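**Student:** To start, I am sharing the structure in question, which I have written as structure tokens.
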Amino acid sequence: MPPPVSQMLAALMAVAAIAFPALGEAAAAPGDAATDLGAPPEVPTQSSPLTDPLDSPRWEDMRREFFGAAPVRFDARITVTAPVNAEDPLNVPVSVDASALPDVREVVVFADFNPIVKVLSFEPAGAAPRLGFRLKLQQSSPVRAAARTGDGVWHVGGSWVRTSGGGCTLPSVGSASPLWQQHLNEVSARLWPGGGYGDRLRLRIVHPMDTGLAAGIPAFHIEELAVSDRSGKPLMRIRAHEPVAENPVLTLDLNKGAADTGPLRITGRDNNGNRIDARVLP
Amino acid sequence: MSPPRSLVAAATVAIALCGALPASSRAQGAPAGSSPTVASPAPPAAFDYRLVPQQIAAGVYVLVGHLEDFSPQNGGNIVNTGFIVGTSGVIVIDTGPSKRYGEQLRAAIARVTPLPVVLTINTHHHPDHFLGNQAFPSETLAALPEVIAGIAAEGNAFNDNMYRLNGDWMRDTEVVVPRLTLTPGRLSIAGRDLEVLALGGHTAADLVLIDHASATVFASDLVFHERAPTTPHADLARWRTSLDTLGALQAKRWVPGHGKVSADTTPITETRAYLGWLSETIKRSAESGADMAEALTRPLPAEIRPWALAESEYRRSVIHLFPAAERTALAPASGTRP
């Protein structure tokens, strides 16, 4: 039987502390793990201002990476709807909703245990702070959304998704066939005006969204996307990262009447500089 | 449930009269005239699927699995398998989810009859239907061509996943691809008048086996009974057409792929109605502009809710089927070629 994880961790910390004193100090800050191999490492309650409702050992890393010194709180007013079990790790449907929060400026979505943690972020300038999309998951992980409100506070919600894994290191379907090249960045879309949520826009863009983690296939993914109205006023800006699923499908709730003055414009580019430019008629 | 004693006795006597095998090979079998489930040696306590063949007609046996999803508790025994005892051999319909299951199925058959297995059919390429193949003579393994191709292409990935889902029940399980190709039509084997139907819709190819003497239809996973159908490789329109074909057969009993045996076409009608509802619901969700995550949370109709795994299978089906419905709902936007 292998030794308990806590002991192995403590031993690793000890090695790290000797080889990289600075790293050891930062990583083992709260405890005496380096000297006391028998005791499990203490939970750093002092350095953690809030308790992660998803109980993920990665939360502190996530907090540092995404929010630094900014104020953060877990908040039930931002929800992440996703299946408990990812039937398809290449296409995990996720819907983020921060519309119960006032004055949302930006929303960031990330998955603690993905090899590429950041999934996407969006700025809902003329839209509800909501977004539906699909992502690739490499292993079971919390999927979180954090909304920054006008006062500079980050509000975090999320849910666990279990998966058999492999979503990020598998080659895209597109990478195995040259067919997509003729259709790269083609947009299909439809607008559902009115309804309870403003003007709903759904769109699909043909793109392999290669993560760079499948052998011999470099990262190739959409980076920027914007939806604007006829006058060029931005309604939604999205920054996409590698974990967004192949041929991204997005669901947006634009402010009511956004499309009344004429066609909406969808623009963007991928990391190779290929442009996206399409018009959607109401 | 054990079969009525008189039927078992009749079947066993019939086999004994045919004198198909030398006495030595009967050592493991039950003596003629006694209940075969009583005289058998006790199987090992650990990883025991407790397979008890249920006789549903003369020489026709079914092993009904749990109405559950794969788990380390059930070891993957969520599937129905069956066998038909002829005058000179046994025809096996599906081999179960693991090597252990295959071995225990083989032992269960040996408790019923000493006759050799002469044909082992995999009805389709889903792992609970072929991962017991190792326990059967490789020269008897047979399937439709698309099923053989499916097992060869996806078998190992399925097997890996089954280890994750079922744990140590799967030990030593390996994929064995059938070599014999079955074609649709009448098939006389081991003294049984059988018929192969090559249908599809649950997967690319779903084999249905009819035993004409007993008017029994082994309907494979085209039919589910009080258990929500699974759709990872489904073509719902084709599946419903296949169910129409099945419903028109003159048969006395139907063995679904999952769920209990039926004496009428109720499970066919119910499966067909569910697929119709599923297809319509997914199409309507996509046409109404719903996001996939929103479609997942839709409540189920009252008549489906009591079925085993109704909620979880519906959610899985949305993930399988929604993307295609969505592509139909979204139109190409203008100016898409920069």
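**Student:** Most exposed first by the Cβ proxy, i.e. fewest other Cβ within 10 Å, how do A:K136, B:K252 rank?
**Tutor:** In increasing order of surrounding Cβ atoms, one gets B:K252, A:K136.
**Student:** Strictly greater than 18 Å: what percent of every Cα pair in segment A:135-205 meets that?
**Tutor:** Details: 1719 of 2485 pairs.
When every Cα pair of segment A:135-205 is considered, 69 percent fall beyond 18 Å.
**Student:** Moving to a separate point now. Rounded to the nearest 5, what % of DSSP beta bridges with both residues in segment B:176-302 are antiparallel? Don't skip to the answer; put the middle values down first.
**Tutor:** Details: 15 of 19 bridges.
Expressed as a percentage, antiparallel bridges in segment B:176-302 total about 80.
**Student:** For each of B:F158, A:F110, count neighbouring Cβ atoms within 10 Å of the residue's Cβ, then give the residues from fewest to most. Walk me through the numbers before you get to the answer.
**Tutor:** Numbers: B:F158 18, A:F110 26.
If I rank by nearby Cβ atoms, fewest first, I get B:F158, A:F110.
**Student:** Next up: Filter the GluC sites (Glu not before Pro) in segment B:239-338 down to the DSSP loop ones having no more than 13 other Cβ atoms within 10 Å, then list what survives.
**Tutor:** Working: sites: B:E270, B:E280, B:E287, B:E294, B:E303, B:E311, B:E313, B:E326; in loops: B:E303.
Sparse-neighbourhood loop GluC sites (Glu not before Pro): B:E303.
**Student:** Can you tell me the orientation of helix B:5-18 relative to chain B, as the angle in degrees between its alpha-carbon axis and the longest Cα principal axis, to the nearest 10?
**Tutor:** 70
**Student:** Please compute the average number of Cβ atoms from other chains found within 10 Å of each residue's Cβ in peptide A:270-280.
**Tutor:** Numbers: counts 0, 0, 0, 0, 1, 1, 2, 5, 7, 4, 5.
For this peptide, the per-residue mean of nearby foreign Cβ atoms is 2.
**Student:** Here is a further query. Per Stokes-Einstein, at 37 °C and 0.692 mPa s, what whole-number D in µm² s⁻¹ belongs to chain B, with the Kirkwood radius over Cα pairs as the hydrodynamic radius? Please list the in-between numbers first.
**Tutor:** Details: Rh = 20.8 Å.
My calculation gives 158 µm²/s for D.
**Student:** Add -39500 (n - 2.57) for each DSSP H run of 4 or more in chain B, then divide by its residues: what number comes out at 222 nm, to the nearest 500 deg cm²/dmol?
**Tutor:** -10500 deg cm²/dmol
**Student:** Please work out the Cα center distance from segment B:288-312 to segment A:162-236, rounded to the nearest Å.
**Tutor:** Cα centres, segment B:288-312 to segment A:162-236: 26 Å.
**Student:** Does segment A:53-280 classify as rounded, prolate or oblate by the C-alpha gyration tensor (a ≥ b ≥ c root eigenvalues; a/c under 1.5 gives rounded; else a/b over b/c gives prolate, otherwise oblate)? Show your work: numbers first, answer last.
**Tutor:** Values: a/c = 1.76, a/b = 1.03, b/c = 1.70.
Note, shape of segment A:53-280 comes out oblate.
**Student:** For segment B:40-117, what does the relative contact order come out to in percent, with C-alpha contacts under 8 Å and a separation of six or more? Each step should come with its number before you reach the end.
**Tutor:** Working: 106 pairs, mean separation 20.4, N = 78.
About 26 percent, as a whole number.
**Student:** If packing is taken as the mean number of other Cβ atoms within 10 Å per residue, what is the order of A:243-254, B:172-183, highest first? Please list the in-between numbers first.
**Tutor:** On the way: A:243-254: 24.2, B:172-183: 16.2.
Highest-to-lowest ranking by the protection proxy: A:243-254, B:172-183.
**Student:** Amide H to amide H, which residues 5 or more places from B:L144 or on other chains are under 5 Å from it, using H placed in the peptide plane?
**Tutor:** B:L182
**Student:** Right, here's the next one. Could you work out how far helix B:236-247 tilts from the main Cα principal axis of chain B, as a 0 to 90 degree angle to the nearest 10?
**Tutor:** 40
**Student:** Here's something else I'd like to know. Taking the beta-carbon count within 10 Å as an exposure proxy, list A:S121, B:S188 from fewest neighbours to most.
**Tutor:** Numbers: A:S121 20, B:S188 11.
Fewest-to-most ranking of A:S121, B:S188: B:S188, A:S121.
**Student:** What order do you get for A:232-241, A:208-217 when each peptide is scored by the mean count of other beta carbon atoms within 10 Å, highest first?
**Tutor:** Details: A:232-241: 19.0, A:208-217: 17.0.
Going by the mean number of other Cβ atoms within 10 Å, highest first, we get A:232-241, A:208-217.
**Student:** Next question. For chain B, what is the relative contact order in percent, using Cα pairs closer than 8 Å and at least 6 residues apart in sequence? Don't skip to the end; give the middle numbers.
**Tutor:** Details: 685 pairs, mean separation 43.8, N = 338.
Over chain B, the number comes to 13 percent.
**Student:** Further question: Rounded to the nearest 10 degrees, what's the angle between the helix B:99-112 long axis and the longest principal axis of chain B, both from Cα atoms, 0 to 90?
**Tutor:** For helix B:99-112, the angle is close to 40 degrees.
**Student:** Which distance in Å, rounded to a whole number, links the C-alpha centroids of segment B:117-138 and segment B:53-69?
**Tutor:** 16
**Student:** Further, regarding this structure: Using a Cα-Cα cut-off of under 30 Å, which lysines could be cross-linked to A:K233, ignoring same-chain neighbours fewer than 8 residues away?
**Tutor:** Qualifying lysines at Cα under 30 Å: A:K118, A:K256.
**Student:** Among residues other than A:W180 whose Cβ falls under 12 Å from its Cβ, what is the net charge (Lys/Arg +1, Asp/Glu -1)?
**Tutor:** On the way: positive: none; negative: A:E186, A:D210, A:E246.
It works out to a net charge of -3.
**Student:** May I ask you to compute the full-extension gain from B:N156 to B:V52, defined as 0.36 nm times their residue separation minus their alpha-carbon distance, rounded to one decimal in nm? Before the final figure, lay out the partial values.
**Tutor:** Values: separation 104, 0.36 × 104 = 37.44 nm, distance 2.87 nm.
Additional length available on full extension: 34.6 nm.
Bear in mind that the values in this text are calculations on the coordinates, not laboratory data. Everything numeric here is computed off the predicted structure, so don't read it as measured data. With ideal geometry, Cβ positions are generated from the backbone for all residues, glycine too; neighbour counts draw on all protein chains shown.
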